[in-house]
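Please read the structure below before turning to the comments.
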Amino acid sequence: MRWRNAVVTGWMLAATALAGAGTVWIEGESAQKSTFNNHGWYGNVRKEMLSQNAWLGHYSTDQPAEATWQFSVDEGGTYALWMRVNPDRAPL
């Protein structure tokens, strides 16, 4: 599984480099503020396979989850946002 993560990450970086834009890499788990509840069912995964050995997990039918990141961009331009989500029964 790790080789697959490395291949996907490498492909993403190569695509960004070919586009000529700068790269801003932010791990989702590094949010300054988060309302994710880290539900036990979603949290019971092999975290050693995840970046930073963590992830943002949320399960609630009553409350949405939000996270906030702060970062600076050195050069202007158009950037693509990449994220891996499972929006099952929840809008993004």
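In table form, for the structure just shown:
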quantity: Theoretical FRET efficiency, 1/(1+(r/R0)^6), r = Cβ-Cβ of ASN37 and THR78, R0 41 Å, to 0.05; calculated: 0.75
quantity: Amide H within-cut-off set for GLY57, under 5 Å, with H built and near neighbours excluded; calculated: ASN38
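Bear in mind these aren't lab numbers, they're just calculated from the coordinates by the rules spelled out. None of these values were measured; they are calculated from a predicted model. Counting neighbours? That spans all protein chains shown, and the Cβs are built from the backbone with ideal geometry, glycine included.
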